[in-house]
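Trainee: Take this structure first; my questions come after.
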Amino acid sequence: MTTNAPGTDTAEAAWQELLGSNQVSAELVAAAYAEPRLRQLFPWIGMWELHFSRCTEHRWTWDVPYIGPTAAGPDHTGPYYVEGPSRTQKIGRADTAQEAVAMVVERLPSNCGPAFNGTPEELAEHERRQR
C-alpha cells in the first residue's frame, strides 16, 4: 500500500476506531485526539499505552514518546506516565491526560509531520530522498 502521499485518511480512520474502543483510557484518547500535532500521527495501543507513529504500517516508528496509565486497565483516568521514545527513557508523570499530551508534544521530533503512508523503512527512504 505504499505511496508518497501522507497517510492522513489512514491515521484518521485509526483515531476514529480508537475513539470508539475500550483498549485504552477514553480520557487519554480524547485529549490526544484534541491535539492537532498528535492527531496527524498514527495511533496504536500496546499494554494500555497510547503510542504515536510517523508511519501508518506495522512495525510503526518508535521516535515519539508515548503515554501509559500508572495503573493497568483501559478505564484508568490518571495519573499517567510519559516515556520514550524508547522504553528506557523516562520523561515523567502527569496527573491529567492533558498534561501527558503536552509532555509528548514538547518532545516531538523536528521532522514530525502527517503520518507517512507506509512502513518505517519506506518512511526513512522517503526522507532520504527529500534531503
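Trainee: According to a simple spin-label model (label point 7 Å from Cα along Cα-to-Cβ), what is the distance in nm between Ser110 and His126?
Mentor: Placing both labels 7 Å beyond Cα along the Cβ direction yields 2.1 nm.
Trainee: What percent do you get for the relative contact order of the chain when only Cα pairs under 8 Å and 6+ apart count?
Mentor: On the way: 262 pairs, mean separation 38.6, N = 131.
Reported relative contact order: 30 percent.
Trainee: Which entry in (1) 1.52; (2) 0.93; (3) 1.00 matches Cα Rg over 2.2 N^0.38 Å derived from the coordinates of this structure?
Mentor: (3)
Trainee: Helix 120-130 sits at what angle to the longest principal axis of the chain, using alpha carbons and giving 0 to 90 degrees rounded to 10?
Mentor: For helix 120-130, the angle is close to 50 degrees.
Trainee: Then there's this: Can you give the helix-only mean residue ellipticity at 222 nm for the chain, where every DSSP H stretch with n ≥ 4 adds -39500 (n - 2.57) and the sum goes over all residues, rounded to the nearest 500 deg cm²/dmol? Let's see the in-between values first.
Mentor: Details: 5 runs with 45 residues, N = 131.
Taking each H run of at least 4 residues, the total per residue is -9500 deg cm²/dmol.
Trainee: Here's a follow-up. Using the alpha-carbon atoms, what tilt in degrees (0 to 90, nearest 10) does helix 97-106 show relative to the longest principal axis of the chain?
Mentor: Tilt of helix 97-106: around 40 degrees.
Trainee: By how many degrees, 0 to 90 and rounded to 10, does the Cα axis of helix 8-19 deviate from the longest principal axis of the chain?
Mentor: 20
Trainee: Between Thr119, Thr61, Thr88, which gets the highest mean-square fluctuation from a Gaussian network model of the chain, Cα cutoff 10 Å?
Mentor: Thr88
Trainee: Using a Gaussian network model of the chain whose springs link C-alpha atoms within less than 10 Å, name the residue from Pro36, Pro79, Pro69 with the highest mean-square fluctuation.
Mentor: Comparing Pro36, Pro79, Pro69 in a Gaussian network model of the chain, the most mobile one is Pro36.
Trainee: Over all pairs of distinct alpha carbons, what does the Kirkwood formula give as the hydrodynamic radius of region 66-129, in Å? Could you put the intermediate results ahead of the total?
Mentor: On the way: mean 1/r = 0.0744 Å⁻¹.
For region 66-129, the Kirkwood estimate is 13.4 Å.
Computed from the coordinates by the stated procedures, all read-outs in this text should not be read as laboratory data. Predicted, not measured: the structure shown is a model, and the values here were computed from it. When we count neighbours, we look across all protein chains shown, and the Cβ atoms used for this are built from the backbone with ideal geometry, even at glycine.
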